[in-house]
Each structure stands twice: as C-alpha cells, then as structure tokens.
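Colleague: One structure, as structure tokens, below. Some questions next.
Read the figures in this text as sums done on the coordinates, not as results from a lab. A quick note: this is a predicted structure, and the numbers were derived from the prediction, not measured. Note that each Cβ is placed from the backbone with ideal geometry, even for glycine, and that neighbours are counted across all protein chains shown.
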Amino acid sequence: MNAEYFFLQEQITEFLGLKSFRRKYPDLQRRVVEIEERDFLREQKIVTETQCDLGLTAINSSEVLDILFNDFPDKYEDYRRVVQDRKSKEMAKMKVNTPSGPVSRDRSAEFMRRILKSCSKWNSGINKDRKEERSCSFDLQTGTINFPAGRYLTLPPSATKMGHYPVTVVPGQFCDNYKQ
C-alpha cells in the first residue's frame, strides 16, 4: 500500500503546546483540507465544529515525525507509545476474531486439496502462456536471447565448423567453409 499520511496542523500545535506552528516551521509542505475530508473528520468526531469553521490544514506525516524526533524527543516517544498501544490492541482484537482450537482433519485435508488445485491451475496457465505467447526470453545479465531447444532447425557441429580460411579478403581468394 502506497498511501500518504497527513497530520492536522491544529492538532499538532495543540499536542506540542506551541502558539504558532506555521511561523516556527514555515517551510513544511501544507495543504488545505477539502470539504469532503472535513465532513468525514467531523462525522468521526476527530475534529470539533469550531475547528472545522476556522479551517483545517494538513501536513505530511513524515515531515512532522522528523520535527518531533529532532526537536521534541519526549513528545515523539509519547506518540510512538500510543501507536504501539493501538497496534497491540488491534492485534488482540484480531486474535479474538480468529477461530481458536483444533481444526478437524477433514477440514484441513479439504483445504490442502483446494490449495493444490489452485496451484495446479495457476501453473498450467503460466506454462500455457509461456508456450504460446513467449517464444523466447531475454537474459538481462548476459544480454542474450534464449530460444527454446528443439523448436528450430539446427545444423550438426561438423557443418558449422570454421575452417582455416573462414572469410575471403581478396577477390578470388580460397574460402574453405563456403557451402552451396
């Protein structure tokens, strides 16, 4: 997942106890929170109606975490601890939702059959594509094109052996590997 995370400038200012976060760190990349985002945050009770009326500004989370780590190490540790607690609670909730106890042999055998059937289907599809669509491959390390063996006509080694005079340099010169 490649998502960008943002913090609300108003909440960071409150968390750090600063008067003006914008004046202290003017070079941070900021954006105004859009109406749909603002409504969602208000519905989730993350921000109050007053904060919505005053306007909300989003700041990139990586920049905020860098500031916390460098300028406010104690606040950074508090933030890290809260995030770890949330993760552990989420993991505990996940454990509760998963069925515990022994799984019957019949059920596990059926599960293994389904896995093997799925793998077999996937492998046959890949092999079919390889045979029909990809007739050759390019080796990136050596820069050579590899063709499947047995598909193309090859000459015996005696027919392709180079002689002592493989190329004629002067017109009329003898060439011993020319075949008609």
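Colleague: Distance between Cα centroids, the range 130-180 to the range 21-93: provide it in whole Å.
Modeller: Result: 65 Å between the Cα centres.
Colleague: Excluding residues on the same chain fewer than 8 positions from Lys121, give the lysines whose Cα lies under 18 Å from its Cα.
Modeller: Partners found: Lys131.
Colleague: How do 19-31, 122-134 rank on mean C-beta neighbours within 10 Å, highest first? Don't jump to the answer; show the numbers that get you there.
Modeller: Values: 19-31: 12.1, 122-134: 9.7.
Order by mean packing, descending: 19-31, 122-134.
Colleague: Might you report the magnitude of the Cβ-based charge dipole of the range 6-97 about its Cα centre, with Lys and Arg at +1 and Asp and Glu at -1, to the nearest 20 debye?
Modeller: It comes to approximately 300 debye.
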